[in-house]
Amino acid sequence: MSKSSRNFGAVLAVLLLALLVAGLVFAVKVAYYDEPKLMEQYSEVTESTVPTVSESEAPKDTRIAVFETSDIHGYLVDITGGDSKTFQYRLAHIAKVVDNARESGDYDDVLLVDGGDIYQGSPLSNLTDGAALRAALDIMGYDAVTLGNHEFDWDVKTYATDSMATVPAYELGDYSGDPNIPVIAATLYSANNHNRTLFTKDYVVVEKGGRRIVLIGYIPDYSDEIMHSKIEPFELHGDLAEFSQLVKEINEAEKPDVTIVVAHENPVKVANALNSEDVDLVTGGHEHAGIYGISDSGIPYIQANNNAQGYASATIVIDPEGNVTIEEPMYTSIVEEPELLYDTPENAANFDEKVLALSHAAWDSIKDQMDEALGYIDSNVEKKGYVDDLSHTTTGGNFVTNLMLEYMKDEGVVAAFYNRGGVRADFVVPEGEILEISVGDIYAVSPFNNTWLIYDLTGEELAKHLKDSFLESNLGDQMTGLTFEYNNNGTIEEPDIEIVSITLDDGTKVDIHGTDPKYRVVTTNYSATVPGSVFEGKTPLYPVTEAPIDNQALIEILRDRRDKGDIHIPTDSKSRSTCLNADEVRARSGQTDDQTEETEASETQTEETQETGATQEAA
C-alpha cells in the first residue's frame with residue numbers, strides 16, 4: 001500500500017471516530033437535559049386539572065331557611081270591604097318571600113311548615129270548603145302542617161286530612177290536585193280504642209340540604225274550644241312531659257340531624273317543657289301573635305301572626321361536626337303597608353304568580369255571592385274592647401245578638417246569647433266616613449256555620465247562665481233582650497259573681513229563683529254543647545237539622561231590612577250589665593280611675609295592624 005493510501009485511511013478513521021463521539025454527546029444531552037422539560041410540562045397539566053388535597057375546599061356549614069305560617073284562617077286574600085282594588089294578596093306575597101329564599105343561593109335548602117287553623121274563617125275558604133287553601137299549600141310546597149282546634153269545626157277527616165295522613169285533594173275551577181303534605185299531630189288519639197289516629201302522623205323526616213330533619217306535631221288539649229260533637233270521637237294527650245318522652249324516643253329511632261316541634265300552642269310554653277338536647281326549634285300557633293326568641297330552656301321558638309298578616313322565620317346552621325345552631329329567629333309583618341299587597345302592575349314583583357292566579361280564581365268562584373251590599377255602619381263594630389271596664393259587653397256581640405233576636409221574634413224569644421270568641425270580625429269605619437257591609441263581611445264576622453237553637457229556661461237557669469257565662473265566655477256571654485245587675489265579691493281578674501236582678505227589655509222582672517221554664521231564649525249549638533252549660537241535656541224547640549245557620553240568617557235579616565229601605569245598621573254600645581259594687585271591686589283590684597281609663601282604652605283597641613275588617617280570634 002502506498003503512503004498516500006495509508007494517510008487517507010487514517011484520516012477516514014479519525015472522521016468516523018469524531019462522528020461517533022458527536023452522536024454520543026447528542027444522546028446524552030437529550031437524555032439528561034431535555035427530559036426534565038417534558039416532565040415539567042406534564043406536571044403543569046396535572047396541577048391545573050387535578051387539585052391536590054391541600055388545595056381542596058374545606059368542609060362548610062349547611063344553612064337551611066325555615067318559614068312558618070300559622071292561624072291563616074282562610075286568608076289567602078283579605079277581601080274585607082269587597083273592593084277588589086284594595087284586596088290584600090297575602091299568601092301570594094308570603095309565597096314570593098319563600099320563592100326568593102329558594103332561589104337566592106344563600107341557603108342549601110328551605111323548610112316551610114304551618115301551625116294549624118288553616119281553613120276556617122274567610123269566605124274564600126269557607127265557601128270553597130277549604131279547597132282554595134289546600135291548593136295554596138300545594139303550590140307553595142309546604143313540608144308539613146299540624147291541626148289547629150278550628151280544623152275540627154268541619155269534618156276534620158274530610159277537609160283537613162285524609163286516610164293517608166296528608167292534606168286532602170282539592171278541586172277549584174281549573175285547579176285540582178292531591179297534595180302529599182304530611183299532617184302531623186302526635187298527641188291526637190281515638191276515643192274508642194285510645195290508639196293514635198290513623199289520619200295523622202306523629203312525625204315526618206324530611207331531607208334538606210343533605211341533612212335529615214324530623215318534624216314532630218304537637219297539639220294541646222283544646223277540646224273545650226271545639227264543639228262537643230266534633231271532638232267527642234277523639235282524645236287529646238296534651239301532657240308536655242309525656243310528649244317530651246315521645247320526642248326522645250323519636251330521636252333515638254331516627255337519629256336526625258335536626259329536630260323541630262311544629263305546635264298549635266304557645267311556643268314558649270312548649271319550648272320550656274322540652275329539653276334543649278332533644279329539640280332545636282319550636283314553631284307555634286293559636287296565640288294570634290308574631291313572637292320569637294329563646295326560651296328559658298334554651299330552645300329557640302318562632303310563631304307567625306294570624307290571618308297571614310306575616311310569617312315567622314329562622315335559619316338552621318349545621319357545622320361539619322353536626323352541631324346545630326338557630327340564627328335570626330324573627331317575625332315579619334307584611335301588613336304595615338297594605339298598599340304593597342294590592343294587585344297592581346307596580347307590585348307585580350311582590351307576588352308569586354301561581355299563588356296570585358289561584359287567589360283570583362278563588363275570588364272569581366265566590367264573588368257573585370260576596371259583593372252584595374246589605375247596609376252601612378257609621379261607627380266601629382268591634383269584637384274586642386268591652387264597652388266599660390266591668391262589663392263583658394262588646395259592640396260586636398251586640399251587633400250579632402241584636403240580629404239574632406230580631407230574626408227569632410216571631411218564635412216568642414225574649415233573649416239571645418252568643419259567645420264573644422264567635423264574633424270574628426272588626427268593622428272599623430274610616431274617620432268621617434261610612435262603611436258598607438256586604439255579604440262577605442257577614443261571612444267574616446260569623447264564619448262557622450253554627451245553628452241557632454231555641455230553649456225554654458227557668459228564671460233560676462237564666463240567672464245561672466248569666467253567672468256562668470261571665471266566668472266562661474264560650475257559654476254565651478254576649479246578649480240582647482235583657483239587662484242584669486250583679487255584685488262582684490272578688491276582683492276584676494278573679495271575679496266572684498252574684499246575680500241580683502234580671503230585667504227583660506219589655507220591663508219584665510225575672511224571678512231569679514223561679515223554677516217554671518217560661519223564658520224562651522236563643523243560643524248557638526256551639527255554646528249549648530259546652531260542658532256545664534244550662535242547656536246541656538235539654539231538647540231545643542227545633543232540631544239542629546231544622547235550625548237556621550248563623551251567617552245565612554244574619555244575611556237574611558239584613559236583606560229584609562235593606563229591601564224595606566232600612567240600610568243604616570246602628571252600632572249598639574249599650575252595656576248589658578251593671579255592677580252594683582263597682583267602686584269596691586276597683587278598690588280590691590287596686591285600680592285607680594286613671595288605670596280604669598287605660599284599661600278601657602287598651603281593651604277597645606283593634607288588632608295591632610288596625611285593619612279594617614275581619615281578624616280572627618282563637619275561640
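The values are calculated or read from the model by the stated rules, or taken from the named source; none is laboratory data. Please read these numbers as outputs of a predicted model, since none were measured by experiment. Glycine also receives a Cβ, built like all others from the backbone with ideal geometry; neighbour counts cover every protein chain displayed. For the accessible areas, the whole protein counts, side chains as well, though only heavy atoms, and no ligand, DNA or RNA atoms are used. Shrake-Rupley method; radii C 1.70, N 1.55, O 1.52, S 1.80 Å.
Phi angles across the range 381-398 convert, under the Karplus curve 6.51 cos²θ - 1.76 cosθ + 1.60 with θ = phi - 60°, into 3J(HN,Hα) values of 10, 10, 6, 10, x, 5, 6, 8, 6, 10, 9, 9, 6, 10, 5, x, x, 5 Hz, Gly and Pro given as x.
For the range 140-193, just list the percent of Cα-Cα distances falling in each 10 Å bin from zero outward, please. Reading the bins upward from 0: 22, 53, 21, 4, 0.
Note on the range 477-520: Cα-only Rg and Dmax are 12.3, 34 Å. In summary, the lysines within cross-link reach of Lys518, defined as a Cα separation below 20 angstrom excluding same-chain residues under 8 places away, comprise Lys409, Lys464, Lys467, Lys509, Lys538.
Surface composition of the chain: carbon and sulfur make up 49 percent of the accessible area, probe 1.4 Å. Placing a label point 7 Å from the Cα of Ala587 along the Cα-to-Cβ line, the residues of the range 480-508 whose backbone N sits under 20 Å from it are 486-498. Annotation: Lys574 carries an accessible surface of approximately 120 Å², with a 1.4 Å probe and no ligand, DNA or RNA atoms counted. Normalised radius of gyration (Cα atoms, divided by 2.2 N^0.38 Å) for the range 219-258: 1.58. Spin-label pair Met164-Glu103: with each label point 7 Å from Cα along the Cα-Cβ axis, the two points sit 2.9 nm from one another. Between the amide H of Thr480 and those of Ala416, distances stay under 5 Å, these residues lying 5 or more places away or on another chain, with hydrogens modeled in the peptide plane.
Can you give me the Cα centroid spacing of the range 410-487 and the range 569-584 in angstrom? After rounding, the separation between the Cα centres reads 15 Å. Charge dipole of the chain (Cα centre as origin; +1 on each Lys and Arg Cβ, -1 on each Asp and Glu Cβ, all else neutral): 2620 debye, rounded to the nearest 20.
The residues Phe470, Phe152, sorted by heavy-atom accessible surface at 1.4 Å with ligands and nucleic acids left out, run Phe470, Phe152 from largest to smallest. Model label points for Asp410 and Thr571, set 7 angstrom from Cα along the Cα-to-Cβ axis, are 3.2 nm apart. May I ask you to give the solvent-accessible area per residue for the chain, in square angstrom, as obtained with a 1.4 angstrom probe? Ligands and nucleic acids excluded, the result is 45 Å² per residue. For Ile437, the residues 5 or more places off, or on other chains, whose built amide H falls under 5 Å of its own are Leu374, Gly375, Tyr376, Ile377.
Put simply, the amide H of Leu457, placed in the peptide plane, has neighbours under 5 Å in Lys518, Tyr519, Arg520, Val521, leaving out anything fewer than 5 places away on its chain.
Remark: the range 164-224 is approximated by an ellipsoid whose semi-axes, taken from the C-alpha gyration tensor as √(5λ), come to 24, 20, 10 Å, largest first. Straight-line reach from Lys248: taking Cα to Cα under 12 Å and skipping same-chain neighbours fewer than 8 places apart, the aspartates and glutamates in range are Glu277, Asp278. Residue pairs exceeding 27 angstrom between C-alpha atoms, taken from Lys96/Lys367; Lys85/Lys564; Lys201/Lys383: Lys85/Lys564; Lys201/Lys383. For the chain, adding -39500 (n - 2.57) for each run of n ≥ 4 DSSP H residues and dividing by the number of residues yields -9000 deg cm²/dmol at 222 nm. Projecting the Cα atoms of Ala373, Tyr418, Phe399 onto the dipole axis of the range 367-421, where Lys and Arg carry +1 and Asp and Glu carry -1 at the beta carbon, places Tyr418 farthest toward the positive end. Placing unit charges on the Cβ atoms only, positive for Lys and Arg and negative for Asp and Glu, gives the range 386-537 a dipole magnitude near 400 debye about its Cα centre.
Legend: calculated FRET efficiency, Glu556 to Leu198, from the Cβ-Cβ distance at R0 = 35 Å, rounded to 0.05, equals 0.30. Work out the P(r) tail for the range 374-510: percent of alpha carbon pairs separated by more than 23 Å, whole number. Here the tail beyond 23 Å accounts for 37 percent of pairs.
For the chain, place one equal point scatterer on every Cα, skip the solvent, and apply the Debye formula. What is log10 of I(q)/I(0) at q = 0.06 Å⁻¹? The Debye formula, applied to the Cα set alone, gives -0.40.
Hey, what's the Kirkwood Rh for the range 470-598 if you take every pair of different alpha carbons, in angstrom? Kirkwood radius, the range 470-598: 18.0 Å.
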